[in-house]
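FYI, it's all coordinate maths here, none of it is from the lab. Bear in mind the structure is a predicted one, so any value in this text is a computation, not a measurement. In this analysis, Cβ positions are derived from the backbone assuming ideal geometry, glycine residues included, and neighbour counts consider all displayed protein chains.
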Amino acid sequence: MRNNLQVLLSVMDKQDSLHYVDMLNIRTDVLIINQCGYDNEYEHSGRYGNVYVRESRKRGLSVSRNEALDNARTDRVILCDNDVRYEDDAFERINAAFDRNPEAGILVFFIERPERHSPVLKKEGPLDRLHSMKIFSPEIAVRRSIIGGLRFDTEFGSGARYSMGEENIFLFRAMELGIKTVYVPERIAHLLPQKSEWFTGYNREFFFNRGAGYEAMDQRLSTLLSLQFLIRKRKLYKDEISMKDAWESMMRGRREYRDEHKNG
């Protein structure tokens, strides 16, 4: 069985990564990148499609995403984590959205999760920069032929120097390149209960990484982006850190990233 849409699933140190196909209700072809202590690859014929597994010594979520994009077997792909369970008809609807938007390089769907119970936009249409900051990686589907060499920044994401923001940077850079990005307000999946591998609370490290991410997204607006985040999310962090300490941490992350890339 061969499909025209492939799921790109990133996992780490999993002895049996094949069980995710059923657990996540993946009903199409899937490429699993399992970052472990060795290199290997194999294929498996599943009920709904082919399962390709690449076991890799490399580390970092963005590294895994890029390896998946480089080795996918189809033009249409959607990113996935090991806590995303798809609706039964998700892949038919994803393909239908691709068909409706033949010039789009990126489609962004809605995945329900504890902090978000409704789509960020009510109607299907262009995704703007403001709303792109509310997107997380498994909501992103791409046409590889249109995005070309666009890849995730390996300095960002779980296991990297800065532990968050890779998907938002990816979307910002896609828009800078003129890649048509469309939001599709259809729920395709929900998150399974699982402890986050990177979020440890609204502490100084969190805001440091957030500040660096905003700088990578847009140097001209990074201060404003940092400020709006502090104001909008104050209820979430006010019991863990003061606004002053959070702001100072964000500015430190912003400065560090800028200093490291000032000649880049």
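Neighbour counts of other C-beta atoms within 10 Å: give me VAL7, VAL108, VAL120 arranged from fewest to most.
VAL120, VAL108, VAL7
How much of the DSSP bridge set in the chain is antiparallel, in percent, rounded to the nearest 5?
Here the share of antiparallel DSSP bridges comes out near 40 percent.
With no solvent and one point on each alpha carbon, what is the Debye value of log10 I(q)/I(0) for the range 12-131 at q = 0.14 Å⁻¹?
Taking Cα atoms of the range 12-131 as identical point scatterers yields -0.70.
Hand me the trypsin sites (Lys or Arg not before Pro) from the range 183-230 located in a DSSP loop with no more than 16 other Cβ atoms within 10 Å, in residue order please. If you can, show how the numbers build up before the last one.
Details: sites: ARG187, LYS195, ARG204, ARG210, ARG220; in loops: LYS195, ARG220.
Here the sparse-neighbourhood loop sites are LYS195, ARG220.
Over the chain, with a Gaussian network built from C-alpha contacts below 10 Å, which listed residue (GLY149, GLY157, GLY105) shows the highest mean-square fluctuation?
The residue that fluctuates most here is GLY149.
Counting each DSSP H run of 4 or more residues in the chain as -39500 (n - 2.57), what helix-only mean residue ellipticity at 222 nm follows after dividing by all residues, to the nearest 500 deg cm²/dmol?
-10000 deg cm²/dmol
Which whole-angstrom value gives the distance between the alpha carbon centres of the range 68-82 and the range 1-54?
What the calculation gives is 10 Å, centre to centre.
Grab the eigenvalues of the alpha-carbon gyration tensor for the range 204-261, scale each by 5, take roots, and send me the semi-axes largest first in whole angstrom.
After diagonalising the Cα gyration tensor, the semi-axes are 19, 12, 7 Å.
Can you list residues from other chains, or at least 5 along the same chain, whose modelled amide H is less than 5 Å from the amide H of ALA189?
GLU87, GLU112
Identify which of ARG65, ARG254, ARG234 has the largest mean-square fluctuation in a Gaussian network model of the chain, with springs joining Cα atoms closer than 10 Å.
Of ARG65, ARG254, ARG234, the most mobile in the Gaussian network model is ARG234.
Among PRO193, PRO119, PRO185, determine the one that fluctuates most according to a GNM of the chain built with springs between C-alpha atoms less than 10 Å apart.
Of PRO193, PRO119, PRO185, the Gaussian network model singles out PRO193 as fluctuating most.
Kindly give Rg over Rh for the chain, based on alpha-carbon atoms, with the Kirkwood expression for the hydrodynamic radius. Walk me through the numbers on the way to the answer.
Values: Rg = 18.3 Å, Rh = 19.1 Å.
My calculation of the ratio gives 0.96.
Between the range 208-224 and the range 162-195, what's the alpha-carbon centroid distance in Å?
For the range 208-224 versus the range 162-195, the Cα centre distance is 17 Å.
With loop defined by DSSP as not H, G, I, E or B, and exposure as at most 13 other Cβ atoms within 10 Å, which is the longest segment of the chain clear of exposed GluC sites (Glu not before Pro)?
116-239
Would you mind calculating the relative contact order of the chain from Cα pairs under 8 angstrom and at least 6 residues apart, reporting the percent as a whole number?
Relative contact order of the chain: 18 percent.
Of LYS134/LYS233; LYS134/LYS180; LYS58/LYS262; LYS122/LYS233, which sit over 20 Å apart, Cα to Cα?
Table pairs above 20 Å Cα-Cα are LYS58/LYS262; LYS122/LYS233.
Distance between the C-alpha centers of the range 97-113 and the range 230-264? Whole Å please.
For the range 97-113 versus the range 230-264, the Cα centre distance is 31 Å.
Work out from phi, with θ = phi - 60° and the Karplus expression 6.51 cos²θ - 1.76 cosθ + 1.60, the ³J(HN,Hα) of each residue of the range 245-256, listed in order in whole Hz, and give x for Gly and Pro.
5, 5, 4, 4, 5, 5, 5, 5, x, 4, 5, 4
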